[in-house]
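**Q** So that we are looking at the same thing, I have put the structure below in structure tokens.
The values are calculated or read from the model by the stated rules, or taken from the named source; none is laboratory data. Source: prediction; values computed, not measured. Here the Cβ is made from the backbone with ideal geometry for all residues, glycine too, and neighbour counts use every protein chain on show.
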Amino acid sequence: LFNWSEYTLNDSGLWLNSTQVDMFSAPYAVGVQRSDGTTINTGHLKSGGYNAVLNGLRGQSGGWAGLIQTRPDGTVLRALSPAYGLETGALPASVLDDYINRVWQKYATTTLTVTPFTDQPNTKYFGRVSGGVMNFTNSAGATVTSFQKPDASSVFGCHKLLDAPNDQVRGPISRTLCAGFNRSTLLTNPNQPDAASAAFYQDAVTNHYARVIHDRMADGKAYAFAFDDVGNHESLVHDGNPQQAYLTLDPLS
């Protein structure tokens, strides 16, 4: 039984987040003490949240219970993220095909508008599917990047056919697509990213791992897939002058 966290510490301060990108295991929250002595934290589960996440996966048909790994005596060690569930065979490779196909069908006749930067509301990209490929143009009408129809591995891992290079065009568009696919908001809102968390995970075909984790978090925030920070829904604390940092275990119940 083990877990890990992620952080960046530099002259601009500390960024510390809990993560379930790879697995849901020993539950914990992260926190930071500010220079004025106050603390902020995130990542705590609701009361009974640990078992509720596991039971949520057990109760979800389609192989999601197979993400849970145990010791020989039955003690739960972790729930793998769906990206690894595909690798182990717990989830079928076709687990997201229905939703992905519906998205590709919708945007063959509708435009998907992506506004990837909150501080640049006039920077928009427009996606349409043609010949099985989603092409994005900028406001001048020039094609800036294109995406082949992704598979479940690309969606859950936010890589492969949804690769997100560290640039200012394809990467930000891909991050937004990845979040929309995992949260199943691409059919209900042609303007992405969708900021309203109440609309997330409402389709029957969705990332149920991310759904049950977010649902059991005290503040609703988690890092359940690679770009769960799109729209600031991740479990992150930051301070420019941190005095102490905390990792606090939650009950295994």
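**Q** Residue by residue through region 22-38, note down the ones that are surrounded by fewer than 21 Cβ atoms within 10 Å (Cβ to Cβ) and not in a strand (DSSP E or B).
**A** Asp22, Ser25, Ala26, Arg34, Ser35, Asp36, Gly37, Thr38
**Q** State the number of residues belonging to region 202-253 that are among the aromatic types (Phe, Trp, Tyr) and closer than 26 Å to Asp119 by Cα.
**A** 3
**Q** Still on this structure, I have one more. Could you list, in sequence order, the residues of region 189-218 that are hydroxyl-bearing (Ser, Thr, Tyr) and part of a loop (DSSP other than H, G, I, E, B)?
**A** Those that are hydroxyl-bearing (Ser, Thr, Tyr) and part of a loop (DSSP other than H, G, I, E, B): Tyr201, Thr206.
**Q** Are any residues in region 57-84 surrounded by 20 or more Cβ atoms within 10 Å (Cβ to Cβ) and either without any contact (Cβ under 8 Å) to a residue 60 or more places away in the chain or polar (S, T, N, Q) (or both), and if so, which ones?
**A** Once the filter is applied, which keeps residues that are surrounded by 20 or more Cβ atoms within 10 Å (Cβ to Cβ) and either without any contact (Cβ under 8 Å) to a residue 60 or more places away in the chain or polar (S, T, N, Q) (or both), region 57-84 yields Leu80, Ser81.
**Q** Where residues in region 219-253 are in a loop (DSSP other than H, G, I, E, B) and among the polar types (S, T, N, Q), which of them is surrounded by the most Cβ atoms within 10 Å (Cβ to Cβ)?
**A** Ser235
**Q** Return a yes/no flag: does region 39-56 have any residue that is loosely packed, with under 14 Cβ neighbours inside 10 Å, outside any strand (DSSP E or B) and among the charged types (D, E, K, R).
**A** No, the conditions are met nowhere in region 39-56.
**Q** What do you reckon, is Asp167 surrounded by fewer than 24 Cβ atoms within 10 Å (Cβ to Cβ), outside any strand (DSSP E or B) and modelled with pLDDT under 95?
**A** no
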